[in-house]
1. Within the bounds of region 110-125, is there any residue that is closer than 20 Å to residue 53 by Cβ and assigned to a helix (DSSP H, G or I)?
2. Among the residues of region 175-182, are any surrounded by 14 or more Cβ atoms within 10 Å (Cβ to Cβ) and assigned to a helix (DSSP H, G or I)?
3. Name the residues in region 32-51 that are touching a strand residue (DSSP E or B) at 6+ places or on another chain (Cβ under 9 Å) and at pLDDT 95 or above, would you?
4. Do we find a residue being touching a helix residue (DSSP H, G or I) at 6+ places or on another chain (Cβ under 7 Å), buried (at least 20 other Cβ atoms within 10 Å of the Cβ) and part of a loop (DSSP other than H, G, I, E, B) anywhere in region 31-46?
5. Please tell me if residue 85 is at pLDDT below 95, out of contact with any strand residue (DSSP E or B) (no Cβ under 8 Å at 6 or more places or on another chain) and either buried (at least 16 other Cβ atoms within 10 Å of the Cβ) or in a loop (DSSP other than H, G, I, E, B) (or both).
6. Look through region 2-28, keep the residues that are out of contact with any strand residue (DSSP E or B) (no Cβ under 8 Å at 6 or more places or on another chain), modelled with pLDDT of 95 or more and closer than 17 Å to residue 129 by Cα, and return whichever of them is surrounded by the most Cβ atoms within 10 Å (Cβ to Cβ).
7. Tally the residues that are over 18 Å from residue 70 (Cα atoms) and either without any contact (Cβ under 8 Å) to a residue 40 or more places away in the chain or not in a helix (DSSP H, G or I) (or both), restricting the search to region 140-154.
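The values are calculated or read from the model by the stated rules, or taken from the named source; none is laboratory data. Keep in mind that what you see is a predicted model, and the values were worked out from it rather than measured. Using ideal geometry, Cβ is built from the backbone for each residue, glycine included, and neighbour counts are taken over all protein chains shown.
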């Protein structure tokens, strides 16, 4: 895998930053890769704009910021509107069908999945939406091994919620597998 630049974007309370941290930890701790993770968010803790950048590479990473991601995950319409134009040509855009309507033509693979609806139907708790998004991402593209991400989830989430998050990851992974990049 060459350098992969990922932008997770959404609103406060969706777990965008937690998802990015878990991905970076899985890459570093369980796969021996280099990773950076940075974040920015609006003044409102819940509902404000949130963005988290992750860079994964086997080589050294000199700068942690992402200006042109290979992968953009937009979990709100505002995130899509603000960031869909920055995707690298040939990249990938992942959106949730409940929160985002894609309208622009961009030079990227656009994948729209019913992640939130699936989580509410199968689990009934929106708190694990972010982990399901991670599952979909790993189902689509093998940034890290599935097992590495599951280990990172187990160390990052509170013990009482581990199984709930593992289940959410599995549902997202199944959704993403339909669009897998080989």
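1. Checked against the condition, which is being closer than 20 Å to residue 53 by Cβ and assigned to a helix (DSSP H, G or I), region 110-125 yields no hits at all.
2. Kept after step one, since they are surrounded by 14 or more Cβ atoms within 10 Å (Cβ to Cβ), are these residues of region 175-182: 175-176, 179.
Applying the additional criterion that residues be assigned to a helix (DSSP H, G or I) yields 175-176.
Within region 175-182, one or more residues are surrounded by 14 or more Cβ atoms within 10 Å (Cβ to Cβ) and assigned to a helix (DSSP H, G or I).
3. If we filter region 32-51 for residues that are touching a strand residue (DSSP E or B) at 6+ places or on another chain (Cβ under 9 Å), which is where we start, we get 33-42, 44, 46-51.
Residues satisfying the conditions are 33, 34, 35, 36, 37.
4. Yes, that holds for at least one residue.
5. Values: at pLDDT below 95: yes; out of contact with any strand residue (DSSP E or B) (no Cβ under 8 Å at 6 or more places or on another chain): yes; either buried (at least 16 other Cβ atoms within 10 Å of the Cβ) or in a loop (DSSP other than H, G, I, E, B) (or both): no.
So residue 85 fails the test.
6. Going through the qualifying residues, I end up with 22.
7. Keep residues of region 140-154 that are over 18 Å from residue 70 (Cα atoms), which gives 145-154.
Now restrict to residues that are either without any contact (Cβ under 8 Å) to a residue 40 or more places away in the chain or not in a helix (DSSP H, G or I) (or both): 145-146, 150, 154.
Residues that pass the stated criteria total 4.
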